[in-house]
Amino acid sequence: MKLKTALLGAAAALAFAPAAFAERGTDGEVKIIYSQAVSTMNAYLSGGTKDIEVGSLVLEPLAGFNEKGEVIPRLVTEVPSIENGGISEDRTSITWKLIPGLKWSDGTPVTAEDAVFTAGYCMDPAGGCAQLAHYEGVEKVEAVDETTIKITFKEPKPNPFLALVGAQSPLLQKAQFENCTGAAASSCTEQNFKPIGTGPFRVTEFRTNDVVLLEANPNYRDPAKPAFATAMVKGGGDATSAARSVMETGEFDYAWNTQLSPEVQATMVEGGKGVFVSSFGTLVERIEMNLTDPSPDLPEGERSTAKHPHPILSDIRVRTALSKAIDRETLVEIGYGEAGRPTCNLVPAPELYASDNKDCIPQDVEGAKALLDEAGWTDSDGDGIRDKDGKKLSLLFQTSVNAVRQDFQSIIKQYWNDIGVEVELKSIDGSVYFGGDAGSPDTFQKFYADVEMYANNFDGTDPEAYLAAYTCDKAPRPENQWQGENINRFCDPAYDAMVAELGATGDIEKRAALAKKMNDAVTKDSMVIVPLVDRGRLSAHSNTLGGVVLNTWDSEIWNASDWYRIK
């Protein structure tokens, strides 16, 4: 299929058209649609990509990553290195210098104290920071002076570009958030919905799980940007309708995450109003196995916590059997075509860090049945569903509302039915599923199901923070507002030790070997994560929107300040 090549070629032609603006706010309104509506603008309180990315229009980190995965300065004068003295010779500290005269959108100065506060905000154990892995190994953050920030690590840090780097770890204004630390973090509605930032836009109106209205930041550091005076981010619906609003009706300028089948994409291209853009990075569609018991019969606050191990999925033989039953190549063909690749890895890229783990790709139905037999799950009453000790092998399988995901659910349900597993399907609106609301029973973090499916990726080209998410202490639970990153509640002291070792390992080949070992530990060695598809990012933008450069290593809308209207 040549669709992907054609789409990328058309996108490149538009993305690099010469800029047609010379001053801020001359191009009217840009309309963006996310099929998963935004629940918060604060990345520290959500693991949902939609919240992190839309929030990045307002909140920025000290540095980010460009479309090549290279570290680039945002709020600082340069990227620290050993050569320029920004990284200490022993790699135990990194020093950042803020751009002189940098202002928040309210006109007040950005200072090093804001960085000190932000680190403390996320590292507060009572706050439930969704991005805590970015601060792994940080000993302290200091304000050397008003514009100089020094981050000191507990031991040499070969990759110091984690804390306050990338859209997942932005800078917060101390003056706005200082009463929002610890357990109070999630209750600060005004701050979380309308943060004061340094980005190209600022929020004028926020309607939870609906729409975010923004205007150009009058204090943005580049006086000629953004070209658009206002921005609207509409949420909800589904990927198909979002893509159609750009590709066929022209109602919107940009549609995020247009997760559609190849056939639907090809039909929409004929609409002639927009182009799809696609690129591979580290995005992996996976199934997570809940290692804790989500039974509603348990007291609230104990469901899906380490107090109650899962009665079925605690057995690795069952988890492995469920993986073996899946035909990943068929899933790719049906759901993604050339925009997907079957994978067994949590970390599929960069190539340096990708394990040679390919054993899961061939479907093995008989092997799956044999493992369940070995584990004692047999069909004792002939009804086609296995049982053990009077309990049926029955699973609740949840994911977000999306046509491709519902197709996957139906197909995987049949695969599992074929090996004697009863499956109940549940689909949840993506705005809720990825919303991070501690009071909702339907978030992917709370995980009130046996298995769940979603996709995730990491900022930059080094997987250290991503892999650090699976330490024992990062499991979501009531004490951290259900905001931990260790979704499946995996806990292995040996893995925790590898996280610490990776943080202190400088030799690139040794880092790569260790990262592969950690990838394998949560995939083929334990099957707590069952990777399915290495997904290319796929979004759409109108023919009249210029400056778009798809980035798979940071926020997808990382350069919205450069967007403009093609006249």
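The values are calculated or read from the model by the stated rules, or taken from the named source; none is laboratory data. All values derive from a computational prediction rather than experimental measurement. Here the Cβ is made from the backbone with ideal geometry for all residues, glycine too, and neighbour counts use every protein chain on show. Surface areas here come from the heavy atoms of the whole protein model, side chains and all, with no ligands, DNA or RNA. Shrake-Rupley method; radii C 1.70, N 1.55, O 1.52, S 1.80 Å.
Summary of computed values
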| quantity | calculated |
| --- | --- |
| Estimated translational D of the stretch 315-370 in µm²/s (Stokes, Kirkwood radius over Cα pairs; 25 °C; 0.890 mPa s) | 199 |
| Relative contact order of the stretch 201-245, defined on C-alpha pairs under 8 angstrom at six or more residues apart (%) | 36 |
| Sequence-distant residues sharing a close amide H with Gly64 (under 5 Å, placed H) | Ile72, Arg74, Gly166 |
| Cα-based equivalent ellipsoid of the stretch 237-277: semi-axis lengths in Å, sorted from largest, via gyration tensor | 13, 12, 8 |
| Overall Cα dimensions of the stretch 269-365 - principal axes, largest extent first, Å | 54, 34, 29 |
| Bins of 10 Å from zero: percent of alpha-carbon pairs in the stretch 393-531 | 11, 35, 34, 18, 3 |
| For the chain: relative contact order, % (alpha-carbon pairs under 8 angstrom, 6 or more apart) | 23 |
| Amide H contacts of Gly274 (H built 1.01 Å from N, under 5 Å, at least 5 apart or other chain) | Asn543 |
| Distance in nm between pseudo-label sites at Glu333 and Lys391 (7 Å out along the Cβ direction from Cα) | 3.7 |
| Violating pairs (Cα-Cα greater than 26 angstrom) within the set Lys103/Lys157; Lys31/Lys446; Lys413/Lys524 | Lys103/Lys157; Lys31/Lys446 |
| Equivalent ellipsoid semi-axes - Cα gyration tensor, the stretch 23-98, angstrom | 31, 17, 11 |
| Accessible area of the chain belonging to carbon and sulfur atoms, whole % at 1.4 Å probe | 51 |
| Glu89 versus Ala266: modelled label distance in nm, points set 7 Å from Cα along the beta carbon direction | 6.2 |
| The chain - share of DSSP beta bridges that are antiparallel (%, nearest 5) | 75 |
| Mean shadow area of the stretch 43-180, taken as a quarter of the surface of its Cα convex hull (nm²) | 8.3 |
| Distance from the stretch 412-476 to the stretch 341-410 (C-alpha centre basis), Å | 15 |
| Computed magnitude of the charge dipole of the stretch 102-194 (debye, nearest 20; Cβ of K, R +1, Cβ of D, E -1) | 180 |
| Accessible area per residue, Å², the stretch 391-434 with all protein chains present, probe 1.4 Å | 35 |
| Pairwise centroid distance, computed over Cα atoms, of the stretch 244-295 with the stretch 84-100, Å | 39 |
| Nearest-20 debye value, the chain charge dipole, Cβ charges on Lys, Arg, Asp, Glu | 940 |
| Scattering profile of the stretch 356-447 at q = 0.11 Å⁻¹ [log10 I(q)/I(0), Debye over alpha-carbon scatterers] | -0.44 |
| Debye-sum result for the chain in log10 I(q)/I(0), which assumes one identical scatterer on each alpha carbon, at q = 0.10, 0.11 Å⁻¹ | -0.82, -1.00 |
| Rounded to whole Hz, the Karplus (6.51, -1.76, 1.60) HN-Hα couplings of the stretch 301-318, x for glycine and proline | x, 10, 4, 6, 10, 5, 5, 9, x, 5, x, 10, 7, 5, 8, 4, 5, 5 |
| For the chain, calculated [θ]222 nm from helices alone, where every DSSP H run of n ≥ 4 adds -39500 (n - 2.57) | -7000 deg cm²/dmol |
| Over 22 Å (Cα to Cα) - which of Lys150/Lys174; Lys154/Lys474; Lys150/Lys474; Lys97/Lys474; Lys174/Lys234 fall in this group | Lys150/Lys474; Lys97/Lys474; Lys174/Lys234 |
